[in-house]
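Structure record follows, encoded as structure tokens.
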Amino acid sequence: MQNRREFVKDLVAGAAVLGAGRKVAWSQGKAGEKSKVVIVRDAKLRTPGPAPDEKRVTAMLDHAMQTYFSAQNPQQPWKQLVKPGQVVSLKMNAMGGRAIAPSVALVAAICERLQQAGIKAGDITVWDRGSRDLESAGFKLSDAAGAVRYVGSDTAGYEDAAVSYGSVTTKLSKILTRSDLVINMPVLKNHNIVGVTMAMKNMYGVINNPSTMHGTACNPYIADLNMIPQIRAKVRFVIGDLKTGVYEGGPSYRPEYSWNEDGLIVGEDRVAIDTISAGMVERKRVEKGLSTLDQKGTPMTYLATAADAQHKLGTNDLARIALIEQRIA
Amino acid sequence: MMRCTGTAIAALLALVVVAGVGCKKQIADPFPASGAVAGWEKGAKTQSYDAANLYEYIDGGAEQYISAGVVGVSTSDYKYQGSLEATVDVYTMKSAGGAKTIFDADPPTTDSKSMPLGDAARLYGQSVVFRKGPTLVRITAFEAAPGEGDALMALAHGIEGKL
């Protein structure tokens, strides 16, 4: 790509890790294999207006995906992620409104790349729990045939049959069950019960009864929920919008407690992504003179549960995470 | 799910009084109409949530409000001079103490200022929060803009005058 200067900060094993992790989906992968997480940042992402620069968003997405998949062009990663004819959906976290939701530009760029990889527009759904949430995040609801659908589970409905794992019994959104692949699109927020909400907590938006799972710091609910076979198997890639982060007062948008991260995070290991994201919020809290999340009484106990021998959803061990951070200049 | 629009705000607030949950008086529609505060236009929709479904609006954030005795919240979008967008949340608590609990839970920031409004008010760069009796109001703008603080405070005064 043009006009791009890269600063690669590989915290572990150098360029050799670039290909690792591609087969790690829905498990911790092979013994000794590290989970790859890619973060790309662009300090020029923002425009004078409320929306980010569309071209730079697309460039950032391409850069992150190419890095993750060790791909030579922007289309190649998507051909590894999806197969023509599949039904693909993008699960937003739009509850906080447009200031702390995946940007319209990022979603549009993903939809374009999916179509270039052979997914029909009509087989793509952008969704969240509530239609109102999508609207508040700047998306126009649409159910037009042959076009990308923008719809909430409150409209699409939930399956009649309940599913269970451990502490969780719930009904799944029909959008989830009818998808071959769900791309998880969380945003980075403090959460006054679980400490930080990112990839795994975003699954509270795919079920009909999330309010029943907030006790005991959502533990073991978050891990158990992600163990539901349909969630574990279908929700197998994360593209998190890190344009803005909320370090206090979340999960609502709180501009007074927000910062501009101007980035994107991608990966398959949901626990690793949540672990890295939690670290980012913790560092910002320290920088701002606030207590740690443990001190505040909102420890992220669900991370260890998700990584334990029963769940094996991923790793929360930084030594087992290959974090690749790059910056677009 | 109980989601209401428009005139349902009055119904919710009336319910609060009828149920005897501690509101001293029934609050009329707290949202200034378009043009009532210079430059501000109200969005078409007003949404209301009670304690039972508050999580639909603020997810896990609901727990903090429920613990403090929330009765319900009404929310509406506003736009200033056709561009700056903001959300106004009006929380009705069972008591003034509940509103104070929520207000005091927010740590101050280096740019926050106490303002003379209601029982207590705080202005941040892109938001205003104030409490008056059992009501807590939070106005949040989606972006930074020149003169934003004055505009937000004007809207806050407009709301406070209706409480």
Residues B:Arg138, A:Arg327, B:Arg131 in order from fewest to most other beta-carbon atoms within 10 Å are A:Arg327, B:Arg138, B:Arg131
Positive-end residue, the stretch A:265-329 charge dipole about Cα centroid, Cβ charges, pick of A:Asn316, A:Thr275, A:Gly297: A:Gly297
22 Å Cα-Cα threshold exceeded, pairs from A:Lys201/A:Lys284; A:Lys174/A:Lys201; A:Lys120/A:Lys189: A:Lys120/A:Lys189
What nm value, rounded to one decimal, do you get for the distance between B:Asp29 and A:Ser167 when each label is placed 7 Å out toward the C-beta? 4.4
Order by neighbour count: B:Thr135, B:Thr101, B:Thr110, fewest other Cβ atoms within 10 Å first, most last. B:Thr110, B:Thr101, B:Thr135
Per-residue Cβ contact counts at 10 Å, fewest first, order A:Asp160, B:Asp150 as A:Asp160, B:Asp150
Expressed in nm to one decimal, what extension gain is obtained for the pair A:Ala144 and A:Ala43 from 0.36 nm per residue of sequence separation less their Cα-Cα distance? 32.7 nm
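Read-outs throughout are calculated quantities, based only on the coordinates presented, and are distinct from any laboratory measurement. If you're wondering where the values come from, they're calculated on a predicted model, not measured in any experiment. Here Cβ is always computed from backbone atoms with ideal geometry, including for glycine, and neighbour counts include all displayed protein chains.
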